[in-house]
Amino acid sequence: MTRREFMDELDGLLRELPDKDRLDILADYTEHFLIGVDRGKSEQEIADSLGSPKVLAREILAGYRIHQAQSNASISNMTRAVLATVSLGFFNLVFVLGPFVGLIAVLIGLFAVALALLLTPIGLFLKYGIPGNADEQYLVLFSGMASFGLGGMLAIGLARLSRWLYRQFLRYLNFNVRMIRGK
C-alpha cells in the first residue's frame with residue numbers, strides 16, 4: 001500500500017471527525033511516512049508497520065468519542081464512546097457493553113423507585129382523602145412525608161452516583177483503549 005492509498009483510506013474513514021482534528025491526524029501520519037522514507041524505508045514497509053487503516057481509524061474514533069464524552073457529559077456522548085470502544089473487538093462487546101447496559105438498567109430501576117416514593121403522597125391523599133379520625137390523618141400525613149423524604153434523598157444520591165459512575169466509566173473506556181493499543 002502506498003502513502004497516498006493509506007492516507008486516502010484513513011481520510012475516508014475519519015470523515016465524521018471535525019475537519020481540523022482530521023487534518024491534524026492526517027498531517028501526523030504524513031509526517032510519519034516522510035520520516036520513514038528519509039530513513040530508507042519503503043512506503044509499503046511504513047504502511048505495514050502502521051497496520052490497517054480501518055483498525056487505526058476505529059482506535060482514533062474511540063479516543064475521540066471518549067474525549068468528547070469527557071468534555072461534554074451527556075448520555076448520547078457516553079453511548080457513542082461505548083459503541084466506538086465496542087467496535088474495537090469482541091472482547092469489548094463482553095467487557096464494555098455488558099457492564100454499561102447493566103449499570104444503566106440498575107440506575108433506571110433506582111430512579112423509578114425514587115419517583116414512586118416521591119409520588120406516593122399524592123396517591124395516599126387521592127385514595128384516602130383527608131380521613132376524619134385524627135390518628136388516620138397523622139398516619140396519612142407522616143407516611144406521605146416519610147415517603148417524599150426518602151424519595152428525595154434517593155433521587156439526590158442517585159444523581160451524585162450517576163455523575164461518579166459517568167466519570168469512572170470514562171476512565172474505564174480510556175483504560176480499555178490503551179490496553180488495545182498496547183500502551
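Looking at VAL96, VAL86, which one is of a type in the set (A, V, I, L, M), at pLDDT below 90 and under 30 Å from ILE156 (Cβ atoms)? Give the steps one after another, and end with the answer.
Values: VAL86 fails: under 30 Å from ILE156 (Cβ atoms).
Unique residue meeting the criteria: VAL96.
In segment 24-49, how many are under 16 Å from ILE60 (Cβ atoms) and touching a Gly at 6+ places or on another chain (Cβ under 8 Å)?
So the answer is 0.
Within segment 11-92, considering only helices (runs of 4 or more DSSP H) that don't extend past its boundaries, which have at least 3 residues that are crowded, with 18+ Cβ neighbours inside 10 Å?
Numbers: elements: 19-38, 43-50, 53-71, 75-86.
Answer list for segment 11-92: 19-38, 53-71, 75-86.
Looking only at segment 42-83, how many residues end up being without any contact (Cβ under 8 Å) to a residue 24 or more places away in the chain and small (Gly, Ala, Ser)?
Total satisfying the criteria: 7.
The values are calculated or read from the model by the stated rules, or taken from the named source; none is laboratory data. Note that the coordinates shown come from a computational prediction; the quantities given were computed from them, not determined experimentally. A quick note on method: Cβ atoms are made from the backbone with ideal geometry, for glycine too, and the neighbour counts reach across all protein chains shown.
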